[in-house]
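Down below is the structure, laid out as structure tokens.
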Amino acid sequence: MRSRKLGGKPKWSSDPNVEMDKHLLLKLGMEGQQKGQQKGQQKGPGPLWKQSPQRSPSNPKTTRQVLAARDFPAVVAHALIMFHKTLKDRKDPGLENWKRFERTVLNACKMDENGRPGPLRHIKDTLLRAYLVNGIRGLTNELDFHLYAEDITSKYSAPNLEEQKNVADLRRPAEWYPQARAVQRTIHLHVGPTNSGKTYHALKRLEACGSGFYAGPLRLLAQEVYNRFHTSGTPCSLITGDDVKIPEGVASRIVSNTVEMVSLGDQYEVGVIDEIQMIADNHRGWAWTRAVLGARVTELHLCGETRVIPLIRELAALTGDKLEVHRYERLNPLKVMNRSLKGDLTKLQKGDCLVSFSRVGIHALKAEIEKSTGKRAAIVYGSLPAEIRTQQASLFNDPNNDYDYLVASDAIGMGLNLSCKRIIFETVIKRMPGGLQRLTVPEIKQIAGRAGRYRSAAQQDQDPSGEENVGWVTSLEDIDLPFIQEAMDTEPPPIKTACVGPPDTVFQKISAYFPDNVPLEYLIKRLKVVSQVHPLFHLYDTRSHLENAEITDAVDGLRMADQLTFMAAPMHTRTIAGRDTAVAFARCVAEHTDGRLLDIPVLNLEILEEPVSGSKEYLNELESLHKAVILYLWLSFRCGGVFTDRTLASHVKELVEERMVRALTEFSANKKLRKDASLRRQIALQKQLKQEQELMADTDVESYGSEDESAAAADITAEEDLATEKDPSTDENRPADEEQLEQELAKARG
């Protein structure tokens, strides 16, 4: 069998991503010119990279979209030439079947995107996604995988194909939970807009029951519910992936969980599952599906958006459960203002929340607001620890201090109760792994719904139907307001399918058909190919599991059970520090070495000895260390014999959080940087949309750059990291001033 470690990068003589893109742009542009002349048309526009600066190799993701839309088979053909040379250089045994492999790949890439699903369509989709996200290197790695997969599939999968399909048959997920099917359940579906009291009523029922659980999408929400019951004297436990709190000396009758941690083995009287619309999320929706289908409860209360009603009706019919729908109206009006702030931060009012989508933008807004108004601004974004977000929200909610404003990312969309009067969008564009895109209608409504919420977490036991306060929504700049107004008047389409993922037992069973050294990455992708799902469900997005599998496949000695544990772990593989940390932890398990916190050299514990600084580098280091400690704590509950320093890790976590609070108060960012970045996002998106319209007129090949990406980056992505943002004084390509940027924006729109 051909031996291979997946996830490695070929050793190129030079970086191919820019050089190949430039070469392909030139080639495909000239080919387009020749085709136009052959048809008797006017001379074509010439090489694409000469047509628009936005399409130049200096903008790699946009360049890839251009190339993929223009002639993706040609892109793959060039990658195959380079890949074939690499195979010859390393004398790879896969060369024996090269002609057949090359023919299969090229035929797959010529398929129309509307063609029927199948192996060839799967090959094209995975190659296209790999190229759009990671360029030529990503495409070549994917080709390497497919060559390996073809070899191992022909030897070990083809002879047992029907048996493997039976193992990977996911069409009856309700039958995975016979204990839940033995309970006569009643599902209470609480639906309505934000701030309608739906979760309040479900939690009141939970508080009155003899035993029950709460399941939310965020540790922050689980912590808030735990604090609520703890404050009221109701015995409650907290169970999240990296934290467990059990009350001492008294039996706990309520458990507050993150949704992945819901126990399916325990019997409860009442269960509450929050944000049920996330059952459709391509990345984490499987956890909601598991909890809904598998919870052993007499009453199951689901809280979420109205658009989930048809799906829950279908699921209740599938499981034989009784369904009662409770509809709620918003308790206070939510209105869109007819004008923006026109960029004037002096127009801010006490209780305003500004929403931005880059950490640089958030910190710059904070500094600019404090300079303009003389008042403090709290900040909240996703990569901040839950404890810091709660602390910052508390500062904002407290009327007896000078924290009059909040600057936040879409992390405020759920998990925080805020006393904010107005939601003000600094922008409605955010960077996703596939490029820039506008917020969706549900995202805008979820964020906008925070306006007018005048109850903090400590006030949740108060009836929400009290004093009416109008919540207002607007934008910082005029350009975003029409889009917000349209979104607020639009009803999002109903949710049609629930996400489902194979249980660990399926991975274990499918692995039995292959040699022990078969990479987990192959098993994940093989399962996706042979699995079948019911029309009410869709298979989960495997990208995060594949990224984690690349780490574990590079570490020798891990058992399948250990690999599955790391596959589900909260690893941050998109940064060098995150990958190094994950590899170090995996080696501790594989080599059965001491996993004491102080003995793991990749952890930058020395940062705790440095003076607290407001620099972005210092804050980045703290956030990186915090993520590493969270991963350590998560693993300590699953590999307790290796990661034994849970108490010390918890103490380090508290030290990091304390320093982060101090660093946030000292952080400053450049005002011009924030405004330039906002205008650049507008320019880039307008050019991107205009470009896509032009390309779609010429080709039937669809760009998959942003397909299913919205849940993958619910907050700020790696591209927006503080360390990667350029200061305007050092950016040679930056237009001279804001007026020029605005002129570019007008030109792009026109």
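Amide H contacts of Gly452 (H built 1.01 Å from N, in plane; Pro and chain starts excluded): Cys420, Lys421, Arg422, Trp472 sit under 5 Å, all sequence-distant by 5 or more or on other chains.
Please work out the Cα convex hull volume for segment 335-409 and give it in Å³ per residue. Write down the numbers at each step before the final one.
On the way: hull volume 7.4 nm³, N = 75.
Output value, Cα hull per residue: 98 Å³.
Put simply, the convex hull of the Cα atoms in segment 472-615 casts, on average, a shadow of 15.1 nm². Could you tell me what % of all Cα pairs in segment 103-205 have separations over 15 Å? Taking all Cα-Cα pairs of segment 103-205, the fraction more than 15 Å apart is 78 percent. The modelled label-to-label distance for the pair Arg330/Asn107, using points 7 Å beyond Cα in the direction of Cβ, is 5.5 nm. Converting phi to 3J(HN,Hα) with the Karplus coefficients 6.51, -1.76 and 1.60 and the offset θ = phi - 60°, segment 484-495 yields 5, 4, 5, 5, 5, 9, 9, 8, x, x, x, 7 Hz in sequence order, with x at every glycine or proline.
Using mean Cβ contacts within 10 Å as the protection proxy, how do 502-508, 77-83 order, highest first?
Numbers: 502-508: 16.4, 77-83: 18.7.
Ranking, from highest mean packing down: 77-83, 502-508.
Subtracting the Cα-Cα distance of Ser372 and Lys99 from 0.36 nm times their residue separation leaves 91.6 nm of extension gain.
Calculate the FRET efficiency for Gln267 and Asp504 from the Cβ-Cβ distance with a Förster distance of 22 Å, rounded to the nearest 0.05.
Numbers: r = 23 Å, r/R0 = 1.03.
Efficiency for this residue pair is about 0.45.
3J(HN,Hα) along segment 78-94: 5, 5, 5, 4, 5, 5, 4, 5, 4, 5, 5, 5, 9, 6, 6, x, x Hz, from the Karplus curve 6.51 cos²θ - 1.76 cosθ + 1.60 with θ = phi - 60°, whole Hz, x for Gly and Pro. Here the alpha carbons of segment 334-488 define both size measures, Rg and Dmax, at 14.6, 44 Å. Given 37 °C and 0.692 mPa s, compute D for segment 212-301 with the Stokes-Einstein relation, Rh being the Kirkwood radius over Cα pairs; round to the nearest whole µm²/s. It diffuses with D of about 252 µm²/s by this estimate. Using a 7 Å offset from the Cα along the Cα-to-Cβ direction at both Met560 and Ala251, what is the distance between the two label points in nm, to one decimal? Rounded to a tenth, the inter-label distance reads 4.0 nm. Ordering Cys639, Cys109 by the number of other Cβ atoms within 10 Å of each residue's own Cβ, fewest first, gives Cys639, Cys109.
Over the C-alpha trace of segment 69-135, radius of gyration and Dmax come out as 12.6, 38 angstrom. Here the contact order of segment 529-635, divided by its residue count and restricted to Cα pairs under 8 Å and six or more residues apart, works out to 24 percent. Rounded to the nearest whole Hz, the Karplus-based 3J(HN,Hα) values (6.51 cos²θ - 1.76 cosθ + 1.60, θ = phi - 60°) of segment 635-648 follow the sequence 5, 5, 7, 10, 10, x, x, 9, 9, 9, 9, 5, 5, 5, with x at glycine and proline.
In percent, how large is the relative contact order of segment 180-327, given Cα pairs closer than 8 Å and 6 or more residues apart? Can you show the working numbers first?
On the way: 287 pairs, mean separation 54.1, N = 148.
About 37 percent, as a whole number.
Take every Cα pair under 8 Å whose residues are at least 6 apart in sequence, average their separation, divide by the length of segment 119-259, and the relative contact order is 15 percent.
Readers should treat all values here as calculations from the given coordinates under stated rules, not as data from a laboratory. The structure displayed is predicted, hence computed values, not measured ones. We place every Cβ from the backbone using ideal geometry, glycine too, and count neighbours over all the protein chains shown.
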